[in-house]
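Colleague: Below: one structure in structure tokens.
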Amino acid sequence: MSRGLGDVYKRQVKELCEFLVAKGKKPMFWGDIICAQPELIKELPEETVCLTWGYAAEQREHEAKVMAEAGARQYLCPGVGGWNQWMNLVENSYKNIARMCGYARKYHAEGVLNTDWGDCGHINQPDFSLPGMIYGAVFSWGEDTDRFEELNEQISRLAYGDRSGKFVSYMAKTAECSIFDWWDANVVYEEKVLGHPNNRNALFDARIQDEAKRAAAHETIAALKKELKKTAGKLEESCRPMVPVLELTMDAIDLWNETGARLCDIELGKEKDEAACAALAGRLESWFMKYKASWRSISKEGDLHHIAEIVFWYADILRGRKPYEK
């Protein structure tokens, strides 16, 4: 006898939650599926907490509302916006966390769980999640908070030891320069090498092919690097190692933007500037050697080997290897 998806889901979650409650635990589960059928919450043990998540800057309140109306105990779960990004999406996380904390108050949630995910290898420097973590603390405390720029100035001083108060603003502006991001790079790699189908070909995305946009991003990064060097002397000595880490991240965004654009040309059959592509491949590999050293200074090997595999695959493509060869 076949059962509907909702029934199968309910039975599975119910059994798990009942098992945990019997062990004296408080079960929590991600609520993205149950939000489509919020009435199912009544079938679960009353100790169960629904983790209602959403990471968009303009995240809607529908899920929080329907779960509250269904009588769910819930935490609202925003995020610090670092997954699949060389630099955390600082402004996105500010807006998302502020909004979700507001929904938590409006719908009487039991708490907020601020998230930091590690999709596709957790490529970003962990210290770049600090602003998002602090936003979570600030907005969980109350609604009367400083504006984005003012709060970032305070975080720069307190979390990064920057007496100029500019460090977080450099991070936020760096994130805005990313065009061909790590998610795009993974989508292309998985399609070409692993044969994984996807809903869009990132290399045909208009934003990747927008030469003016890429040039503007390149100029912005160059200007940010100059400003960062001026600011470096105003950082407390213990925080100065963050300067080359931020520079390395700026280089990553600049290099991957150019890599995406070059691959667009290859995919579209445009005449290839072999010398420029080979030079880019060399710069990509040199950057990765620095990135690898930075990774190993703070982390275990983890997914570094897989990140290396993707980086060197792109370098090979730039040098002329066929994209479907393993």
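Colleague: For region 129-147, which positions are of a type in the set (F, W, Y) and crowded, with 18+ Cβ neighbours inside 10 Å?
Modeller: Scanning region 129-147 gives Y135, F139.
Colleague: Looking only at helices (runs of 4 or more DSSP H) that fall completely inside region 126-198, which ones have 2 or more residues that are over 30 Å from Q209 (Cα atoms)?
Modeller: Once the helices (runs of 4 or more DSSP H) in region 126-198 are filtered for at least 2 residues that are over 30 Å from Q209 (Cα atoms), what remains is 130-141, 148-159.
Colleague: Right, something else. I'd like the full set of residues that are open to solvent by 60 Å² or more (accessible area, probe 1.4 Å), under 19 Å from V245 (Cα atoms) and not aliphatic (A, V, I, L, M), limited to region 267-302.
Modeller: Those that are open to solvent by 60 Å² or more (accessible area, probe 1.4 Å), under 19 Å from V245 (Cα atoms) and not aliphatic (A, V, I, L, M): R283, S286, K290, R296, S297, K300, E301.
Colleague: For region 226-244, which positions are closer than 20 Å to C177 by Cα and either surrounded by fewer than 17 Cβ atoms within 10 Å (Cβ to Cβ) or in contact with a Gly (Cβ under 9 Å, 6 or more places away or on another chain) (or both)?
Modeller: K226, E227, K229, M242, P244, listed by residue number.
Colleague: So, of the residues in region 180-193 that are of a type in the set (A, V, I, L, M, F, W, C), within 20 Å of the chain's Cα centre (by Cα) and open to solvent by 10 Å² or more (accessible area, probe 1.4 Å), which turns out to be nearest to Y135 (Cα to Cα)? Walk me through how you get there before you give the answer.
Modeller: As a first pass, look at region 180-193 and keep what is of a type in the set (A, V, I, L, M, F, W, C): 180, 182-183, 185, 187-188, 193.
Within this subset, residues satisfying the condition of being within 20 Å of the chain's Cα centre (by Cα) are 180, 182-183, 185, 187-188.
Going one step further and asking which of them are open to solvent by 10 Å² or more (accessible area, probe 1.4 Å), we end up with 183, 187.
Working: W183: 25, V187: 30 Å.
The qualifying residue nearest to Y135 (Cα to Cα) is W183.
Colleague: Next question. Of the residues that sit in region 45-100 and are assigned to a loop (DSSP other than H, G, I, E, B) and among the charged types (D, E, K, R), which one is farthest from F148 (Cα to Cα)?
Modeller: Filtering region 45-100 for residues that are assigned to a loop (DSSP other than H, G, I, E, B) and among the charged types (D, E, K, R), the one farthest from F148 (Cα to Cα) comes out as E46.
Colleague: Restricting to region 162-188, name every residue that is more than 14 Å from W83 (Cα to Cα) and small (G, A, S).
Modeller: Correct list: S164, G165, S169, A172.
Colleague: Tally time: how many residues in region 154-178 are touching a strand residue (DSSP E or B) at 6+ places or on another chain (Cβ under 7 Å) and surrounded by fewer than 19 Cβ atoms within 10 Å (Cβ to Cβ)?
Modeller: So the count comes out to 1.
Colleague: Does E285 meet the test of being acidic (D, E) and within 21 Å of D184 (Cβ to Cβ)? Before you say what the answer is, go through the steps one by one.
Modeller: Details: acidic (D, E): yes; within 21 Å of D184 (Cβ to Cβ): yes.
Judged against the criteria, E285 is a match.
Colleague: Just give me the residues in region 13-31 being under 30 Å from the mean Cα position of the chain (by Cα) and either loosely packed, with under 14 Cβ neighbours inside 10 Å or of a type in the set (S, T, N, Q) (or both), in sequence order.
Modeller: Correct list: K26, W30.
Colleague: A follow-up question, please. So which pairs qualify, if the first residue must be in region 222-247 and over 12 Å from F167 (Cβ atoms) and touching a residue at least 40 places away in the same chain (Cβ under 8 Å), the second must be open to solvent by less than 20 Å² (accessible area, probe 1.4 Å) and among the small types (G, A, S), the Cβ gap must be under 8 Å, and the two must be at least 6 apart or on different chains?
Modeller: Short answer, once both residue conditions are applied: S238/G161.
Colleague: Mind listing just one residue for me: the one in region 97-128 that is small (G, A, S) and within 23 Å of A308 (Cα to Cα) and, of those, surrounded by the most Cβ atoms within 10 Å (Cβ to Cβ)? Full working, then the answer.
Modeller: Taking region 97-128 first, the residues small (G, A, S) are 98, 102, 104, 109, 111, 118, 121.
Remaining after also requiring within 23 Å of A308 (Cα to Cα): 118, 121.
On the way: G118: 14, G121: 19.
Among residues in region 97-128 that are small (G, A, S) and within 23 Å of A308 (Cα to Cα), the one surrounded by the most Cβ atoms within 10 Å (Cβ to Cβ) is G121.
Colleague: If I ask for residues that are closer than 13 Å to R99 by Cα and of a type in the set (F, W, Y), which ones from region 126-140 would you list?
Modeller: Once the filter is applied, which keeps residues that are closer than 13 Å to R99 by Cα and of a type in the set (F, W, Y), region 126-140 yields Y135, F139.
The values are calculated or read from the model by the stated rules, or taken from the named source; none is laboratory data. Given the structure is predicted, the values throughout are model-derived calculations rather than measurements. In this analysis, Cβ positions are derived from the backbone assuming ideal geometry, glycine residues included, and neighbour counts consider all displayed protein chains. Remember, those area values only see protein heavy atoms, side chains included, never the ligands or the DNA or RNA. Shrake-Rupley method; radii C 1.70, N 1.55, O 1.52, S 1.80 Å.
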